[in-house]
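See structure below.
The values are calculated or read from the model by the stated rules, or taken from the named source; none is laboratory data. For clarity, every value in this text was computed on a predicted model and none was experimentally measured. Virtual Cβ from ideal backbone geometry, glycine too; neighbours counted across all protein chains shown.
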Amino acid sequence: MSVDRDLPVVSASPVFGQKLKAAAFSLAAVSLSSAAVLWQPRPVAAKGADPAPGTVEFYQTKVVPIFEKNCYSCHGGMNHRGGLSMATMAGMIKGGHDGTVLVPGHADQSLLVKLIRHEGPADDPMPMPPKGDKISDADIAIVTAWVNAGAKMPPDPAQ
């Protein structure tokens, strides 16, 4: 069997090349337009930036771990020692046997802050937590900043 080397070479006409370029350009334009229409910008926090103290995110990422480590064993979940539940805003505002522990916006008036600083009333100082080491100054500063910023928490669950 022999191969015929004298076959005519088919080349694209200049008109076909222009149409192909136009089609490719149109497809690219449609793709970019679709991406622009479908893309929804989302605010992005600066990498490594902490949430502001007046946000629920600050409460959830900064304050809750402090409460879980130091407070919830006595005042979280089903435990309400001293009548205090710290799991909800309603529980914090209602307070325990000594009344409210939280005055949003006023750390200086909040019993919670006074007790974790070990600056409770002279007649019954109630240092918190009552056993173990005092909460670190850095953690006290986080709780204080959160209270001063309005003590934002997620909405209380429906009862």
Restricting attention to the stretch 124-158, the residues that are buried (at least 16 other Cβ atoms within 10 Å of the Cβ), in a helix (DSSP H, G or I) and small (G, A, S) number exactly 1
Residue set V56, V63; condition surrounded by 15 or more Cβ atoms within 10 Å (Cβ to Cβ) and β-branched (V, I, T); output residue V63
When T88 is run through (1) without any contact (Cβ under 8 Å) to a residue 60 or more places away in the chain; (2) surrounded by 15 or more Cβ atoms within 10 Å (Cβ to Cβ), the failure sits at (1)
Practice task
Kindly check whether there is at least one residue in the stretch 84-97 that is modelled with pLDDT of 65 or more, in contact with a Pro (Cβ under 6 Å, 6 or more places away or on another chain), closer than 30 Å to M126 by Cα and in the same structural domain as M126 (by TED's automatic domain parsing).
Solution key: no
Within the stretch 91-102, restricting to residues that are within 24 Å of the chain's Cα centre (by Cα) and crowded, with 18+ Cβ neighbours inside 10 Å, the one that is farthest from D156 (Cα to Cα) is L102
